[in-house]
Amino acid sequence: MKVSCVSWNYFIVLSIVVTPGISRHEESEKDGTSFLRPRLKRDDCGQSHTKVDGYEKCEGELIFHETFDGNSLNFRKWNHEILMPSDPNYEFVVLDDNSQISSVSDGKFKIKPSVYQEQFIRNGQISLTRCTGRLFTDECVKSAKGFYILPPVQSARITTKNHFSFVYGKVHVRAKLPLGDWILPEIWLEPKRRIYGPSFSSGRIRIAFARGNQDLVKNGVKIGINRLESGIIMGTQDKTLATNVYEEFENGWHSDYHNFTLIWEPDRISFMIDGEKRQYLIEPHDGKLSDLLGFDENESRNWDSRSKIAPFNQEFYISLGLSVGGMKDFPDNCLSGGLPKPWKNEAVKAMVNFWLDRKNWLPTWSDDKSLLLIDEVQVYAL
């Protein structure tokens, strides 16, 4: 067994009360709108591991392409998540389709976070009538009371969940990441069907992740906008493990567009930046991925014993968003600009303590730099 250029992170999950032989999609144009239409699979195409909605694809075939042309999202490809995030990360945001927060223009998909007014955060109520979360829960309806405030930040997330999912492939995302304290880009793959269970039991692949703080330090190590992380997360109800590869960039990942690439194969996962320096997160190995990460025999029973790479042997969809804060991605006892992180990850008052510190973090957000900008997304069959 071999693992290259990886870092192991351990943390506890919070518990808070068609026809065979047919390739299904081909991108086409009609009245200026890009969409997907069924097409026949070529007889001469090379053998591929990639499947889309259960259908085999041709090796090297472009199976998804988005350039964000026009002035609105293509809803044949994308839908907004509309919810207040809960398990597993409890981010401090409300995700909605507000056109002031997320938009398409100049060939880019843009998300610009914004804060609610203090009076609303302290005394208001949110009821998301088109909620995509779990109905009749805090994902859809919340009322402020005491230190139990409303999520103070408006943001957005779009996914291909209802339109496009695949297993194994090469994913290219050209993006510029956001700058600003406690801001996080979400460039993920998420499981279409959570057959291994909720939360991280069914896995997540992070294609590009950089904390937006300009000067964020943990134990003397810089972990802010200058450090890019790519990796996987998986876990059980009680334990989650993550492994990442890292790339440092002195100018910060907010300073320009970069091409972030995931190469997802049946026996290994790797990443590249701007087409260079391929880093293998997982290389072919004799055992199961769950054993390699350090889950014990009892915990590993949760995943498919016939697959070495489970839970990453199922179809995933693309997710693009921007979040703020949360309970997992910013380690406790880190310093931002010399000041301690204002909340503790296991604290009941985490969100209100974050909000009370806004005099320090809100001035670091700017209209031109605190945006997630996505220029292009491509997925190729392997």
task: Express the accessible area of the chain per residue in Å², computed with a 1.4 Å probe while the remaining protein chains stay in the model.
output: 45 Å²
Dipole axis of the chain (+1 Lys, Arg; -1 Asp, Glu on Cβ), positive-most option in Asn345, Gly287, Tyr168: Asn345
task: Kindly state, to the nearest 0.05, the FRET efficiency for Asp87 paired with Glu276, given R0 = 41 Å and r defined as their beta-carbon distance.
output: 0.65
field: the chain - charge dipole about Cα centre, Lys and Arg +1 at Cβ, Asp and Glu -1, debye rounded to 20
entry: 720 debye
- request: Kindly list the residues of segment 191-209 that lie in the label zone of Asn298, defined by a backbone N under 12 Å from the point 7 Å along the Cα-to-C-beta vector.
  value: none
statement: Between the modelled labels at Asn353 and Gln47 (7 Å from Cα along Cα→Cβ) the distance in nm is 5.6 nm
message: Charges at C-beta only: +1 for Lys and Arg, -1 for Asp and Glu. How large is the resulting dipole of segment 73-216 about its Cα centre, in Debye rounded to 20?
response: 620 debye
- request: Using a Förster distance of 25 angstrom, determine the FRET efficiency expected from the C-beta separation of Ile195 and Thr137, and round it to 0.05.
  value: 0.70
- line: Phi-derived 3J(HN,Hα) across segment 117-131 with the Karplus relation (6.51, -1.76, 1.60, θ = phi - 60°), rounded Hz, x for Gly and Pro, is 6, 3, 4, 5, 4, 7, 10, x, 9, 10, 10, 8, 5, 10, 4
query: Once you put a point 7 Å from the Cα of Asn251 and another 7 Å from the Cα of Glu118, both along the Cβ direction, what distance in nm separates them?
result: 4.0 nm
query: For the chain, what % of the accessible area comes from carbon and sulfur atoms, probe 1.4 Å?
result: 47 percent
message: Suppose a student asked you for the relative contact order of segment 46-168, using Cα pairs under 8 Å spaced at least 6 residues apart; what percent would you report?
response: 34 percent
query: GluC sites (Glu not before Pro), restricted to segment 238-313: which are DSSP loop and have at most 11 other Cβ atoms within 10 Å?
result: Glu250
task: Counting helices only, and only those DSSP H runs with n ≥ 4, report the 222 nm mean residue ellipticity of the chain as the sum of -39,500 (n - 2.57) divided by its residues, in deg cm²/dmol to the nearest 500.
output: -1500 deg cm²/dmol
field: Cα-Cα over 29 Å, subset of Lys239/Lys288; Lys222/Lys277; Lys77/Lys239; Lys176/Lys349
entry: Lys77/Lys239; Lys176/Lys349
Separation in nanometres of the label points that stand 7 Å from Cα toward Cβ, at Thr129 and Asp69: 3.5 nm
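The values are calculated or read from the model by the stated rules, or taken from the named source; none is laboratory data. Since we're looking at a predicted model, the values are computed, not measured. As a convention, Cβ positions derive from the backbone with ideal geometry for all residues, glycine included, and neighbour counts pool all protein chains shown. The protein model used for the area step is the full one, side chains on, heavy atoms only, and it has no ligands, DNA or RNA in it. Shrake-Rupley method; radii C 1.70, N 1.55, O 1.52, S 1.80 Å.
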